[in-house]
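Everything on this sheet refers to the single structure shown next.
The values are calculated or read from the model by the stated rules, or taken from the named source; none is laboratory data. Keep in mind it's a predicted model, so treat the numbers as computed, not measured. Neighbour counts run over all protein chains shown; Cβ positions are idealised from the backbone, glycine included. Note: accessible area is taken over every heavy atom of the protein model, side chains too, but ligands, DNA and RNA are not part of it. Shrake-Rupley method; radii C 1.70, N 1.55, O 1.52, S 1.80 Å.
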Amino acid sequence: MLDQLEQIKREALSSLEAVQDDEALAQWKVAHLGRSSPLMATFDDLRDVPKEERPAIGRGANQVKQALEASYEAKSDALRAAAVLQSLEKEHLDVTLPGRPVLRGRLHPTTQTMRRIYGVFAEMGFQIYLSREVETDEYNFQLLNFPPHHPAREMQDTLFVDSGTERGDNPILLRTHTSPGQIHAMREFSAANPDDPPPVRIILPGMCYRYEQVTTRHEMQFNQIEGLAVGEHITFGDLKGTLSDFARRMFGQQVRYRFRASHFPFTEPSAEMDIECFVCGGEGCSVCKRTGWLEILGCGMVHPIVLQNGGYDPDRYTGFAFGMGPERITMLLYRIEDIRNYWANDFRFLEQF
Ligand code: PHE
């Protein structure tokens, strides 16, 4: 019977060698260590063995059982290790392969320009004031001293949300410029202390809308950055100094610029600022339409009526304001020829910035 046990063990171990996967291993366990395996049958047969031989055979059977169990554990570990190795091999990295390019998100070119402009004015002590995009006729025009029949107020130029005629009220419209924010800001600041309103030094960025035929140079929506400084003894010299400094910080120390007289209902006197065309260096080219100059903003001293509408006594306070178009400045900086690129969402355009 001991020989038989030896035989059982040999057969079990040799068939274990052939086992290659978990499923076969489970089957092996049933066949060789399970309830109806030859080994277990030997334990049952012990009953019929003469009493004096029983201990030796019992011990022998137990040793075989332990040997098979140990081999089973060892095989199971070996299979697990082999599986790990296999998966490592399958997923192995070829470190000599060239890297995959990572797609980087980027800011829209206008956003980049606007943030640069914020930085320049922040250094000069201007805070950002956000004002609404949906306005009343009163704020967009009346309080800014637009005369009743000014052409800008007509349907051709303004997108109306609600004509107001049915309500017998103020028309509601999409702001055509950021200037109505001047009134909101001054009113908010002066309301805090009506007898002694604090000085104002803010920029007001945001989207504006006009009822325009979209062309290479005109869009229905565009950003503006408005600037407003109100205080005692503010002069046109402060306006020129601030904007000259802006131009140098934005376009470089060597930039040449000029102020031209202009007209806006809400500033008096009014001007426009040009910088020397940096494409042709003033020689005249298609970008500057052969003039050698590029217009970058409108500006002026805040009209006394506007100061008054904002709660600032024009006998005591003066101020300057300006408004610029960051899309236009970006077009000049990067020589972008078609303003429609800004809203086309074409990666070939956006990826260049
Ligand atoms: N609001 C004017 C425009 O849209 C620009 C401007 C702002 C001019 C402030 C003077 C002062 O053209």
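Simple rule: put +1 on each Lys or Arg Cβ and -1 on each Asp or Glu Cβ in the chain, find the dipole, and look at LEU243, VAL49, THR110; the Cα lying farthest toward the positive end is LEU243. Candidate membrane-span-like segments in the chain, meaning DSSP H helices with Cα atoms spread over at least 15 Å of their own axis and a Kyte-Doolittle mean of -0.5 or above, are 2-18, 22-33, 54-90, 109-123, 180-192, 236-251, with no membrane implied.
Annotation: Cα Rg of the range 2-91 relative to the compact-globule expectation 2.2 N^0.38 Å equals 1.32. Of all beta bridges that DSSP places with both ends in the chain, some 95 percent have antiparallel geometry.
Take the chain with all the other protein chains still there, run a 1.4 Å probe, and you get 58 Å² of accessible area per residue. Per-residue Karplus couplings for the range 148-153, computed as 6.51 cos²θ - 1.76 cosθ + 1.60 with θ equal to phi - 60°, are listed in order as x, 10, 4, x, 5, 7 Hz, Gly and Pro entered as x. Can you find, among VAL279, LEU68, SER14, the residue sitting farthest towards the positive end of the charge dipole of the chain, where Lys and Arg contribute +1 and Asp and Glu -1 at Cβ? Positive-most Cα among the choices belongs to VAL279.
Of the residues THR113, THR216, THR178, the one that moves most in a GNM of the chain with alpha-carbon contacts below 10 Å is THR216. Rounded to the nearest angstrom and listed largest first, the equivalent-ellipsoid semi-axes of the range 26-77 from its Cα gyration tensor are 24, 13, 4. Expressed as a rounded percentage, what relative contact order does the chain have, with Cα pairs under 8 Å and six or more residues apart? Relative contact order here is 15 percent. Surface composition of the range 1-127: carbon plus sulfur atoms hold 53% of the accessible area, using a 1.4 angstrom probe and ignoring ligands, DNA and RNA.
Protection proxy ranking for 68-78, 315-325, 88-98, using the average of other Cβ atoms within 10 Å per residue and placing the highest first: 315-325, 68-78, 88-98.
Placing pseudo-labels 7 Å out from each Cα toward the beta carbon at GLN352 and LYS289 gives an inter-label distance of 2.3 nm. Absence of a disulfide-compatible partner, taken as no other cysteine beta carbon within less than 4.7 angstrom, is noted in the chain for CYS208, CYS299. Distance from the alpha carbon centroid of the range 149-193 to that of the range 1-26 works out to 93 angstrom. For the chain, the dipole from Cβ point charges (+1 on Lys and Arg, -1 on Asp and Glu) about the Cα centre works out to 780 debye, to the nearest 20.
Taken over the chain, lysine pairs spaced eight or more positions apart, or on distinct chains, with alpha carbons under 20 Å apart number 6.
Sorted from longest to shortest, the spans of the Cα atoms of the range 122-270 along the three principal axes equal 52, 48, 25 Å. The mean of 1/r over all distinct Cα pairs in the range 1-159, once inverted, gives the Kirkwood hydrodynamic radius of 24.9 Å. Using unit Cβ charges (K, R positive; D, E negative) and no other charged atoms, how large, in debye to the nearest 20, is the dipole of the range 2-91 about its Cα centre? Result for the range 2-91 is approximately 280 debye, rounded to the nearest 20.
Using square roots of five times the C-alpha gyration tensor eigenvalues, list the equivalent-ellipsoid semi-axes of the chain in whole Å, biggest first. Each step should come with its number before you reach the end.
Values: eigenvalues 1594, 132, 80 Å².
They are 89, 26, 20 Å, listed largest first.
Extension gain for the segment LEU46 to ALA152, taken as residue separation times 0.36 nm less the Cα-Cα distance, is 26.9 nm to one decimal. Mean residue ellipticity, 222 nm, helices only, the chain: the sum of -39500 (n - 2.57) across DSSP H runs of n ≥ 4, divided by residue count and rounded to 500, is -13000 deg cm²/dmol. The charge dipole of the range 149-283, taken about its Cα centre with unit charges on the Cβ of Lys, Arg, Asp and Glu (plus for the first two, minus for the last two), comes to roughly 400 debye. For the chain, set up a Gaussian network in which alpha carbons nearer than 10 Å are linked by springs, and say which option among VAL230, VAL30, VAL287 fluctuates the most. Highest fluctuation among the options: VAL30.
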